[in-house]
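*Asks:* Below is one structure. I have some questions about it.
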Amino acid sequence: MTASVYSTQLNASLFSRWSQNRSWKKFNKNPVGWFGLIIIVTFILLAIFAPLLANYDPVKTNWMAVRQAPSLEYWLGTDEIGRDIYSRLLYGARASLMAGFFSVVIAFMIGVPLGMMAGYFGGRIDTVISRCSEAVMAIPSLILAISLAAALGASLVNAMIAIGIANVPLFIRLTRGQVLSTKYMEYVEAAHSIGVSHLGILVKYIFPNIVAPLFIQVTLSLASAIIAESSLSFLGLGQQAPDPSWGSMLNSAKGFLTQAPWMAIWPGLAIFTIVLAFNLFGDALRDAFDPK
């Protein structure tokens, strides 16, 4: 019995490691993926070290420097009440990246267990979970996030919760499909035959072999979550003034597009760049882990 258990675990782990090592070798040869990853790491470092890199207090006003163009003193210019846009951009990265990360964590922690239960047990459990997720997916995710954020109240934390809940069905459907294609593998059947519990099979044998597509979905969901957070902040449902957020910076800039276009250019460019980076990184991972 002990030898059978060891053999089953070894086969599952070897399959997972072989697949992942081969995929990482393919990813290393993809310069586009590395380009996206470098940009992501750069933004994360800028957000972490914002207090050291910022030239001014991001919420401090200066009525003598209202809407000044980019210069040696104000590298990216100032906004409508004289706040340094460069400093606010650095601190705004914290809000956008944190909202994207925690909202995806919420979606992952809820969606993956539900998807594994639906795919593994099937029957009524699968029917209930699948129908509920389909009902939620019938509502556009951004519209659902706006509705939830408005109901919960305008704050960054509530925006994270709203975005996370709106993305739960994506992880449920993906996880369910991966479990359905994995639960009939030989090493899973062998685990059944030697009496491994359902929880043990899900945790030790199925989850390690479906984590790659889930990780890819995480990277792609981070991009959409950042856009959603920026949209909520633009509408006043995310990060609240005077704390900076890229979306709220765009909201402030919309009335000064002619007089001070730099107010909209820099936060818009930041959103575009980080979302593009996550998409490039996610696409590279998808190509690397694609068995075809």
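The values are calculated or read from the model by the stated rules, or taken from the named source; none is laboratory data. None of the values given here were measured: they were computed from a predicted structure. We place every Cβ from the backbone using ideal geometry, glycine too, and count neighbours over all the protein chains shown.
*Asks:* Among the residues of the range 268-282, is any in contact with a helix residue (DSSP H, G or I) (Cβ under 7 Å, 6 or more places away or on another chain), without any contact (Cβ under 8 Å) to a residue 12 or more places away in the chain and within 24 Å of Ile143 (Cα to Cα)? Full working, then the answer.
*Replies:* Step one: filter the range 268-282 for residues in contact with a helix residue (DSSP H, G or I) (Cβ under 7 Å, 6 or more places away or on another chain), giving 268, 270-271, 273-275, 277-282.
Still in the running and without any contact (Cβ under 8 Å) to a residue 12 or more places away in the chain: none.
No, the range 268-282 has no match at all.
*Asks:* Residues in the range 61-86 that are assigned to a helix (DSSP H, G or I) and surrounded by fewer than 24 Cβ atoms within 10 Å (Cβ to Cβ): how many?
*Replies:* Filtering the range 61-86 for residues assigned to a helix (DSSP H, G or I) gives 85-86.
Pick out the ones that are also surrounded by fewer than 24 Cβ atoms within 10 Å (Cβ to Cβ) and you get 86.
Of the residues in that region, 1 qualify.
*Asks:* Among (1) in a helix (DSSP H, G or I); (2) touching a Pro at 6+ places or on another chain (Cβ under 9 Å), there is one condition Pro244 misses while meeting the rest; what is its number?
*Replies:* Going through the list (1) in a helix (DSSP H, G or I); (2) touching a Pro at 6+ places or on another chain (Cβ under 9 Å), Pro244 breaks only (1).
*Asks:* Only one of these is in contact with a Leu (Cβ under 8 Å, 6 or more places away or on another chain), outside any strand (DSSP E or B) and in contact (Cβ under 8 Å) with a residue 40 or more places away in the chain: Ile40, Ile110, Ile44. Name it. So that I can check it myself, show each step before the final result.
*Replies:* Values: Ile40 fails: in contact with a Leu (Cβ under 8 Å, 6 or more places away or on another chain); Ile110 fails: in contact with a Leu (Cβ under 8 Å, 6 or more places away or on another chain).
From the options Ile40, Ile110, Ile44, the qualifying one is Ile44.
*Asks:* Within the range 157-209, which residues are within 18 Å of the chain's Cα centre (by Cα) and either on the phi > 0 side of the Ramachandran plot or of a type in the set (A, V, I, L, M) (or both)? Give the steps one after another, and end with the answer.
*Replies:* Restricting attention to the range 157-209, the residues satisfying the condition of being within 18 Å of the chain's Cα centre (by Cα) are 157-175.
Of everything in the range 157-209, those that are within 18 Å of the chain's Cα centre (by Cα) and either on the phi > 0 side of the Ramachandran plot or of a type in the set (A, V, I, L, M) (or both) turn out to be Val157, Ala159, Met160, Ile161, Ala162, Ile163, Ile165, Ala166, Val168, Leu170, Ile172, Leu174.
*Asks:* I need every pair where a residue in the range 124-153 that is at pLDDT 90 or above has its Cβ under 9 Å from the Cβ of a residue that is aromatic (Phe, Trp, Tyr) and surrounded by 15 or more Cβ atoms within 10 Å (Cβ to Cβ), sequence separation at least 6 or different chains.
*Replies:* As it stands, the answer is Asp126/Tyr120, since those pairs meet every condition given.
*Asks:* Further question on the same structure: Report the residue count in the range 230-241 for those that are crowded, with 21+ Cβ neighbours inside 10 Å and part of a helix (DSSP H, G or I). Break it down into steps so the answer makes sense when it comes.
*Replies:* Taking the range 230-241 and keeping what is crowded, with 21+ Cβ neighbours inside 10 Å, we get 230, 232-233, 237-239.
From what's left, part of a helix (DSSP H, G or I): 230, 232-233.
So the answer is 3.
Here is a yes/no grid of residues against (1) in a helix (DSSP H, G or I); (2) farther than 30 Å from Phe27 by Cα; (3) modelled with pLDDT of 90 or more; (4) not hydroxyl-bearing (Ser, Thr, Tyr):
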| residue | (1), (2), (3), (4) |
| --- | --- |
| Leu199 | yes, yes, no, yes |
| Leu202 | yes, no, no, yes |
| Ile216 | yes, no, no, yes |
| Ala228 | yes, no, yes, yes |
| Lys254 | yes, yes, no, yes |
